[in-house]
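Quick note: the coordinates plus some simple rules give every number you see, no bench work behind them. Predicted model, so just to flag it, every value in this text is computed and none were measured. Here the Cβ positions follow ideal geometry from the backbone for every residue, glycine too, while neighbour counts run over all protein chains shown.
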Amino acid sequence: MKAIIKTTATPGGLELADVPTPETGGYEVLIKIKKTAICGTDIHIYKWDEWAQKTIKTPQIIGHEFVGEVVASGEHVTHLKPGQLVSGEGHIVCGNCRHCITGYPHLCRQTVGIGVNKDGVFSEYITFPAGNVWICDERIPLDILSILDPLGNATHTALAYNVLGEDVLVTGAGPIGLMSVPILKRAGARNIVVTDINDAKLALAQRLGATAVVNVRNDSLSDFLTENSPKLSLKEGFDIGLEMSGNPSAFSDMVNAMANGGKIALLGILPADAQIDWNKIVFNSLTVKGIYGRQMYDTWYRMAALLHSGLVNEIAPVITHRFHYTQYEEAFACARSGESGKVVLDWI
Ligand code: NAD
Ligand code: ZN
């Protein structure tokens, strides 16, 4: 079968190669991939940054966002059969640790990431643990089903706190920040203010339901608040913050813009030396909660319900580019440009 492989421990180093089709057995299923999407993680691996150098063992098939069809199942698999349309949770947990057995598997320390710690989904076939498979609703377009993983990140973060009637700041209008906007609206947020440094992304945030947007390249968030707080009836700042840029200055802006007692959900992956004014956390009684992946499988159930209630059409514009997998170089260039939303690869 064909697969996109990170072959060398250098920047770039992706190759489309022929590799043996994996065999399935036991508690695993064999999935024929239909569509995959490129995640920031794949870009880190492509660029071979510090994180990738520490984490990835080459050669490795990359990718973890996918939709496909079950074509064979292992002898112990009872609930899945060939022909089913599926996606899956890319974090494989140990199943035995304290968190796993007490209902918090998303906190498992032994988590293995598909496309990170083992071969990924940018291939014609993949074997997948049956317990990690999510059966898809066939009425939902394949493009949308290929991005359930990041939609799950958005859902997990947007629902980390009760946002009903609250004023919410979202820093970063990448795909995940954008998808969080309609979720926040459905969950009853009062104001949703989105920041980014790219006008096209902010225009999309507005289309998805943001109350206001701020391009922090041109305007400071604090100036925006001074001018617009009365209009938005924002008295003391934001109740809830969703950091979705991974940019230190966005996080610092957020800490400064929170109301006392405000709550921050931190999804963006910041550099280790990112600075904030820690005394703002102390004296303003702020809560900061790290968000990793999706809750298994609470987030998946909530996401399915949101999709059924109309989220499918709302998030569709977040997918901006589509390529055949053989055009992977072009697709990665597009995803690296900083101008695209979600980039989907077609494997059919
Ligand atoms: P992305 O890189 O596509 O989006 C980030 C956005 O932030 C971009 O639109 C960029 O223009 C914007 N930005 C840059 N500087 C900014 C600033 N100073 N203020 C406001 N916005 C700014 O990423 P994504 O795929 O949407 O993911 C969002 C973040 O979440 C990334 O940091 C990613 O690494 C992280 N992530 C975390 C998890 C997790 O489990 N914790 C999972 C997936 C992604
Ligand atoms: Zn565990």
Give me the percent relative contact order of the chain, please, defined on Cα pairs under 8 angstrom at least 6 residues apart. 17
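With r defined as the distance between the Cβ atoms of residue 198 and residue 164 and R0 fixed at 22 Å, what FRET efficiency is calculated, to the nearest 0.05?
On the way: r = 30 Å, r/R0 = 1.35.
The computed FRET efficiency comes out at 0.15.
For each pair in 2/35; 201/289; 34/185; 6/289, compute the distance between the two Cα atoms and list the pairs where it is over 24 Å.
Values: 2/35 14 Å; 201/289 26 Å; 34/185 31 Å; 6/289 33 Å.
Result: 201/289; 34/185; 6/289 exceed 24 Å.
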Lys/Arg +1, Asp/Glu -1 at C-beta; the chain dipole; positive extreme among 113, 327, 100: 100
Is there a quick way to get the dipole size of segment 60-157? I mean about its Cα centre, with the Cβ of Lys and Arg at +1 and of Asp and Glu at -1; what is the value in debye to the nearest 20? 440
Between residue 9 and residue 135, what is the spin-label point distance in nm, taking each point 7 Å from the Cα along the Cα→C-beta axis? 4.4
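Antiparallel as a % of all DSSP beta bridges within segment 90-242, to the nearest 5?
Numbers: 2 of 15 bridges.
Looking only at bridges with both residues in segment 90-242, the antiparallel portion is about 15 percent.
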Across the chain, where is the longest run that never hits trypsin sites (Lys or Arg not before Pro) in a DSSP loop with at most 10 other C-beta atoms within 10 Å? 236-348
Which one of 188, 86, 177 has its Cα pushed farthest toward the positive end of the charge dipole of the chain, where Lys and Arg give +1 and Asp and Glu give -1 at the Cβ? 188
On a C-alpha basis, how far is the centre of segment 129-173 from the centre of segment 45-122 in Å? Whole number, if you could? 17
When the charge dipole of the chain is computed with +1 at the Cβ of Lys and Arg and -1 at the Cβ of Asp and Glu, the Cα pointing farthest to the positive end, of 155, 221, 197, is that of 155
Find out how many positive minus negative residues lie around residue 119, taking Lys and Arg as positive, Asp and Glu as negative, among other residues whose Cβ is under 11 Å from that of residue 119. +3
Mark the label point 7 Å from the Cα of residue 235 along Cα→Cβ and return the residues of segment 172-209 whose backbone N is within less than 17 Å of it. 190-191
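Sorted from fewest to most neighbouring beta carbons within 10 Å, what does the list 243, 166, 23 look like?
Details: 243 27, 166 20, 23 11.
Exposure proxy ranking, most exposed first: 23, 166, 243.
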Students often get this wrong: which residues of segment 60-87 have the backbone nitrogen under 15 Å from the point 7 angstrom along Cα-to-C-beta of residue 322? 67
What fraction of the DSSP beta bridges in segment 169-306 is antiparallel, stated in percent and rounded to the nearest 5? 0
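Show me the chymotrypsin sites (Phe, Trp or Tyr not before Pro) within segment 14-104 that DSSP assigns to loop and that have at most 16 other Cβ atoms within 10 Å of their Cβ. Provide the component values of the computation, followed by the final result.
Working: sites: 27, 46, 48, 51, 66; in loops: 27, 48.
Passing sites in segment 14-104 are 27.
So for the chain: antiparallel DSSP bridges make up what percent, rounded to the nearest 5?
Of all bridge pairs located within the chain, approximately 55 percent are antiparallel.
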In nanometres, what is the gap between the two model label sites at residue 104 and residue 330, each 7 Å from Cα along Cα-to-Cβ? 4.7
Quick calc, the chain, dipole around Cα centre from Cβ unit charges on Lys, Arg (+) and Asp, Glu (-), nearest 20 debye, gives 520
In deg cm²/dmol, rounded to the nearest 500, the helical mean residue ellipticity at 222 nm of the chain, built from -39500 (n - 2.57) for every DSSP H run of length 4 or more, is -7500 deg cm²/dmol
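Calculate, in nm to one decimal, what residue 298 and residue 215 gain on full extension: separation in residues at 0.36 nm each, minus their alpha carbon distance.
Values: separation 83, 0.36 × 83 = 29.88 nm, distance 3.38 nm.
The residue 298-residue 215 span can extend by a further 26.5 nm.
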Coordinate range along principal axes, alpha carbons of the chain, Å, largest first: 61, 40, 37
